[in-house]
Amino acid sequence: MALRAAVITFPGSNCDRDMAVAIERVAGTAPLRVWHADAELPERLDFIALPDYLRSGAMAANSPVMGGVKQQAERGVPVLGVCNGFQVLTEAGLLPGALMRNASQNFICRTVPLKVENSTSLFTAGFASGQTIDIPVAHHDGNYFADEDTLDRLEGEGRVAFRYVENCNGSRRDIAGVLNAAGNVLGMMPHPERAVDPAHGGTDGLALFENALRSLADA
């Protein structure tokens, strides 16, 4: 049975096409394109992606489609939120913390090195623990914040997926990506979908999609 993935598009979404291309490159089939106002998602989905979004995630978190995303996540469907898609996941309560204005108050757009902290999740098992990968960032509100107790819990439970080697935005404890307790929801500020083809300048993001999607296809 072909893997069924979905890319959620909000008004002003950014990189939703890039996300769809990255998924199709690995899965071999194009993902469904779902509009934010759709109140229901298809019954059987294997993978959901929330791409970047040009406004803060608080508005998108209240879109009708997010009820379906929450239900799918609770059933164990993998959900990936990138850049402001990460913010949508925090605003929707699927991940802890919040994304604040960059410490520099400036928009940041460049490729940055990340350290892989967790190499056991379905998203990160294609990497080695401690591996450094180069992934583009493009954000103004990428400063990850959580209180000390939450940060300690994330660290203790191995839910920090990626850290910035050089903290570009002021994120607490250099955090660039976090997982939910079950490990099937990943939010990350850098853009792995922009690093899946040599024409992008690098392919370090490809392993994330390969591991997540192929593990589902083999299940």
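What list of ³J(HN,Hα) couplings, whole Hz, do you get for the stretch 91-99 from phi and the Karplus terms 6.51, -1.76, 1.60, once you set θ to phi - 60° and write x for glycine and proline?
Coupling constants for the stretch 91-99: 5, 7, x, 7, 9, x, x, 8, 10 Hz.
With a Förster radius of 45 Å, plug the Cβ-Cβ distance of ALA125 and ALA37 into 1/(1 + (r/R0)^6) and report the FRET value to the nearest 0.05.
After rounding to 0.05, the efficiency reads 0.85.
Would you kindly state how much longer the chain becomes between GLN71 and ASP147 on full extension, computed as 0.36 nm times their sequence separation minus their alpha carbon distance, in nm to one decimal?
Using 0.36 nm per residue and subtracting the Cα-Cα distance, I get 24.7 nm.
How large a share of the accessible area of the chain, in percent, is made up of carbon and sulfur atoms when the probe is 1.4 Å and the other protein chains stay in place?
47
P(r) tail for the stretch 128-219, what percent of Cα pairs lie past 22 Å?
More than 22 Å apart: 31 percent of the Cα pairs in the stretch 128-219.
Only Cα pairs within less than 10 Å get springs; with that Gaussian network setup on the chain, which residue of ASP204, ASP152, ASP18 has the largest fluctuation?
Top of the fluctuation ranking is ASP152.
At R0 = 22 Å, how high is the FRET efficiency between GLU166 and ALA199 if r is their beta carbon distance? Nearest 0.05 is fine.
0.30
Figure the gain on full extension for SER104 and ALA182 (residue separation times 0.36 nm, minus the Cα-Cα span) and round it to one decimal in nm.
Contour length minus the Cα-Cα distance gives 24.7 nm.
For the chain, what does -39500 (n - 2.57) per DSSP helix run (n ≥ 4), summed and divided by total residues, give at 222 nm, in deg cm²/dmol to the nearest 500?
That calculation yields -7500 deg cm²/dmol at 222 nm.
Through the Karplus equation 6.51 cos²θ - 1.76 cosθ + 1.60, θ set to phi - 60°, convert the phi angles of the stretch 165-178 into ³J(HN,Hα) values in whole Hz; use x for Gly and Pro.
Karplus values, whole Hz, x for Gly and Pro: 5, 10, 5, 8, 9, x, 4, 4, 6, 6, 6, 10, x, 9.
Taking the Cα atoms of the stretch 1-140, report the difference between the largest and smallest coordinate on each principal axis, in whole Å and largest first.
Here the spans come out as 41, 33, 26 Å, largest first.
Taking the convex hull of the alpha carbon atoms in the stretch 170-219, what volume per residue do you get, in Å³?
With only Cα atoms used, the stretch 170-219 gives 88 Å³ per residue.
Let me make sure I get this right: for the stretch 58-200, a, b and c are the square roots of the gyration tensor eigenvalues over alpha carbons, sorted descending. Under 1.5 in a/c it's rounded, otherwise prolate if a/b > b/c, else oblate. Which is it?
It comes out rounded by the Cα gyration axes.
Roughly what % antiparallel, to the nearest 5, for the DSSP beta bridges in the chain?
Once the DSSP bridges in the chain are tallied, antiparallel ones form about 60 percent.
Taking only the alpha-carbon positions of the stretch 100-167 and ignoring solvent, what does the Debye formula give for the base-10 log of I(q)/I(0) at q = 0.16, 0.22, 0.26 Å⁻¹?
-0.64, -1.06, -1.17
Using amide H atoms built in the peptide plane, which far-off residues or other-chain residues are under 5 Å from CYS83 H to H?
MET188, MET189
The values are calculated or read from the model by the stated rules, or taken from the named source; none is laboratory data. All values reported here derive from a predicted model rather than from experimental measurement. Reconstructed Cβ throughout: ideal geometry from the backbone, glycine too, with neighbour counts over all protein chains shown. All accessible areas refer to the heavy atoms of the entire protein, side chains included, with ligands and DNA or RNA removed. Shrake-Rupley method; radii C 1.70, N 1.55, O 1.52, S 1.80 Å.
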